[in-house]
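Student: What follows is a single structure, and I will ask about it in a moment.
A short reminder: the numbers here are calculations on the coordinates, not readings from a lab. Computed from a predicted structure; not experimentally measured. Backbone-built Cβ (ideal geometry, glycine too); neighbour counts: all protein chains shown.
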Amino acid sequence: MSPWSPDLHERAANTIRALAIDATNAARSGHPGAPMGLADLATILWGEVMRFDPEDPEWLARDRFVLSNGHASMLLYAALHLTGHRVSLEDLKRFRQLHSPTAGHPEFGQCPGVETTTGPLGQGFANAVGMALGCRLHQARMRDADGPLIDPRVFVIAGDGCLMEGVTYEAASLAGHLQLGALNVFFDDNGITIDGRVDLSFSEDVAARFQACRWQVLRADGHDPDSIRHAIASLDPERPTLIQTRTHIGYGSPNRQDTAKAHGEPMGDEEGAAAKEALGWDHPPFHVPEDVREAFRAAGRRGTEAHRAWSEQLARRLEANPALAERYRAHHRAPDGWTDAELASMVAQVGSNKDATRGLSGRALNAIASVDPRLVGGSADLTGSNKSSIADSSIVRGGEFEGRNIHFGIREHAMGAVVNGLSLFGGFVPFGATFLVFSDYMRPPIRLSALMQNRSLTVFTHDSIGLGEDGPTHQPVEHLWSLRLIPGLSVWRPADGLECAMAWAYATREGPNAPHAMVFTRQKVAPIARPEGFDPRTVWQGGYVVRPGTEAVLVATGSEVELALGAAEALEADGISLRVVSMPCLERFFAQPEPVQNEVLGGLPIATVEAGRTDPWAILTGPTGLRLGVDRFGESAPYQDLYTHFGLTVEAIGKEVKSWLQRG
């Protein structure tokens with residue numbers, strides 16, 4: 001039996017509808033239609049079903065809620081306010097205003113209770129798959145005779161637009177394959193998109209698609225509370241569930257219900273008043289009836305009490321099981337920075353042999369995985385090529401979640417978003433891996449990770465024309481700078497084993513809670529000769545001197561550092577003193593104080609060499625500097641021939657630098 005009477009439920013749902021009308025009217029922008037249509041569902045989820053603590057929105061054992069159709073943000077903000085989260089009525093009145101926590105789309109870290117940043121359709125759905133995966137991975141690791149320490153569920157609301165986006169199909173396919181029973185998606189089946197009726201562009205049998213992906217599919221009337229409750233009571237814990245929920249967009253609006261006009265613009269004063277009259281709502285703007293507020297706040301208090309009871313039980317279980325307690329702490333305490341001894345060990349394990357940096361990265365990955373159990377991840381069907389397998393660990397499969405190796409399949413779009421969701425779940429440092437050229441497929445989730453500043457890692461191999469014979473379709477030339485242009489993302493392109501180890505060390509623990517892209521070669525590179533006593537932490541500056549010089553500085557990254565050193569040595573015979581700087585991470589270098597940058601660059605004329613687009617390097621060289629690289633698509637040939645063809649050899653680089661210096 002529901003603790004909510006039919007009358008109380010109706011007034012609670014209408015409270016959400018009225019708040020959506022009032023907030024979008026006050027902002028003169030927004031999307032009131034979906035919140036009005038979904039108000040009955042939100043009332044049941046937040047008032048009766050979900051477990052959460054408004055006093056601690058990050059409680060580990062809470063249920064997760066993801067509003068994948070993030071344009072419906074007023075639905076979430078209203079629910080958060082009503083349940084007692086730190087979202088005030090004044091915040092609702094300042095919907096979509098500068099510095100307000102109630103942004104146009106939900107923003108993780110900006111508004112308490114928002115689990116992930118949503119807006120680009122389908123990304124939230126795929127994040128939720130990562131959260132459900134995190135739940136299962138955690139349960140496999142953290143359990144005793146009484147079962148797992150946590151048992152959260154992940155609830156998602158997704159609209160037609162989410163299900164049309166390709167990332168949703170990829171993520172749904174993976175979720176069904178892995179049997180992620182914690183995942184429950186309500187499909188807001190209102191039949192309307194911005195352009196008009198869905199059937200203008202979409203006639204798919206959604207239920208059949210998800211059934212083919214091995215999901216349970218249920219149906220519910222989104223305006224019948226008992227129908228919604230019956231669907232929730234029927235959820236299958238052994239596989240993900242899609243609840244096809246029929247709703248009316250703009251529910252209650254006499255002239256806009258079931259029309260595209262309800263989707264993306266405020267009701268306005270006249271239609272807003274008409275809708276409220278049709279709903280029987282006779283209250284001033286932003287009014288919340290006291291009994292409605294109390295009913296939602298009671299749901300919040302139940303969650304707070306559940307949190308308290310869980311914490312007490314957790315303490316007893318961990319005290320009784322020291323091994324479990326140690327595993328729990330290893331996943332959930334903020335780790336200390338790396339010690340000198342740990343870094344030395346990692347560098348030694350990676351070694352100093354000539355090798356492709358992808359191979360050196362694989363050794364660095366395993367060195368860190370051996371001491372940090374939080375590290376989990378895998379590749380988009382390129383495990384051997386990406387060197388992204390964690391040794392001595394099993395593969396995550398449907399129903400088997402003890403392992404650390406995830407086979408994402410050929411699903412780069414979903415992989416990035418699932419990695420984000422896994423990071424947001426907590427307790428893990430996840431990574432995904434593929435070729436650098438396929439970062440085009442992963443840019444949306446990488447951008448969102450940077451926007452959220454959550455620690456999600458991406459391994460990109462085959463980083464240049466050095467890929468060789470596969471040709472220009474697979475040879476990235478613009479991709480390094482495409483990634484560097486994303487604010488808040490650190491892009492690492494190490495030159496040898498030591499830099500590979502230090503990039504992994506920084507990305508997994510030492511650096512801030514933020515995303516990192518690590519980029520590695522297919523071809524072999526020689527180790528850099530460094531002076532005795534070199535402090536490996538110097539790599540974390542992002543750029544540092546690897547060969548002193550007094551006339552000019554040549555900045556290089558990755559495999560081109562070896563070429564730059566060779567060119568400097570050759571030029572020395574001509575009496576030219578060329579300083580060489582390895583720049584594994586431009587973002588870290590520009591974050592250094594100006595004196596550090598000046599010390600590295602020495603106030604000298606600057607040239608750069610990197611096997612990719614050259615124009616953006618003007619940010620370092622200025623208009624008079626020399627920029628060597630590849631400014632057109634590649635060709636199919638052995639990589640040695642390609643480097644010669646594009647002028648990326650010791651001899652060609654030396655000749656260009658000498659000519660540049662002679663021109664003054």
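Student: Would you mind getting me the FRET efficiency between residue 302 and residue 88? Use the beta-carbon distance for r and R0 = 25 Å, nearest 0.05.
Tutor: According to the calculation, E is roughly 0.70.
Student: No solvent, one uniform scatterer per C-alpha: report log10 I(q)/I(0) for the range 425-495 via the Debye equation at q = 0.20 1/Å, two decimals.
Tutor: -0.85
Student: Give the span of the range 563-614's Cα atoms along each principal axis, as three whole-Å numbers ordered largest to smallest.
Tutor: Projected onto its principal axes, the Cα set of the range 563-614 covers 35, 26, 15 Å.
Student: I need two numbers for the range 445-592: Rg to one decimal and Dmax as a whole number, Cα atoms only, in Å.
Tutor: Looking at the range 445-592, its Cα Rg and Dmax stand at 15.9, 51 Å.
Student: Could you order the peptides 58-67, 394-403, 28-37 from most to least packed, using the average number of other C-beta atoms within 10 Å per residue?
Tutor: Averaged packing, sorted descending, gives the order 28-37, 58-67, 394-403.
Student: When all alpha-carbon pairs of the range 382-462 are counted, what percent fall beyond 21 Å?
Tutor: So the pairs more than 21 Å apart make up 25 percent of the total in the range 382-462.
Student: Something else about it: On alpha-carbon atoms, Rg over Rh for the range 66-169 using Kirkwood Rh?
Tutor: 1.05
Student: Given +1 on the Cβ of Lys and Arg, -1 on the Cβ of Asp and Glu, and no further charges, what dipole in debye does the range 336-454 carry about its Cα centre, rounded to the nearest 20?
Tutor: Dipole size: approximately 340 debye.
Student: Would you work out the Kirkwood radius for the range 549-589? I mean one over the mean of 1/r across all pairs of different Cα atoms, in Å.
Tutor: About 10.5 Å, per the Kirkwood formula over Cα pairs.
Student: Still on this structure, I have one more. Considering the alpha-carbon set of the range 330-451 alone, what are its Rg and its Dmax in angstrom?
Tutor: 14.8, 41
Student: Sum up the charges of everything whose Cβ sits under 14 Å from the Cβ of residue 393, counting Lys and Arg as +1 and Asp and Glu as -1, but leave residue 393 out.
Tutor: Result for the neighbourhood of residue 393: 0.
Student: Run through the DSSP bridge list for the range 429-577 and note the antiparallel percent, rounded to the nearest 5.
Tutor: The antiparallel proportion sits near 0 percent.
Student: Using per-residue counts of other Cβ atoms within 10 Å, averaged over each peptide, order 80-92, 220-232, 272-284 from highest down.
Tutor: My ranking of the peptides, most packed first, is 80-92, 220-232, 272-284.
Student: So, one more: Using 0.36 nm per residue of separation minus the Cα-Cα distance, give me the extension gain between residue 592 and residue 332 in nm, one decimal.
Tutor: 90.6 nm
Student: Still on this structure: Please count, across the chain, the pairs of lysine residues with Cα atoms under 28 Å apart that sit 8 or more places apart or on different chains.
Tutor: Pairs that pass both the separation and distance tests number 9.
Student: Charges only on Cβ, +1 for Lys and Arg, -1 for Asp and Glu: so what's the dipole of the range 1-125 about the Cα centre, in debye to the nearest 20?
Tutor: 400 debye
Student: I need the Kirkwood Rh of the chain: take the reciprocal of the average 1/r across all distinct C-alpha pairs and report it in angstrom.
Tutor: 26.7 Å
Student: How would you rank 314-325, 456-467, 605-616, highest first, on the average number of other Cβ atoms within 10 Å across their residues?
Tutor: Ranked from most to least packed, the peptides come out as 456-467, 605-616, 314-325.
Student: By how many nm would the segment from residue 325 to residue 233 grow when fully extended, if each residue of separation counts as 0.36 nm and the alpha-carbon distance is taken off?
Tutor: 29.8 nm
Student: Please compute, over every Cα-Cα pair in the range 155-207, the percentage with a separation greater than 15 angstrom.
Tutor: 51 percent
Student: I would also like to ask the following. With each label point set 7 Å from Cα along the Cα-Cβ vector, what nm distance links residue 277 and residue 574?
Tutor: 8.6 nm
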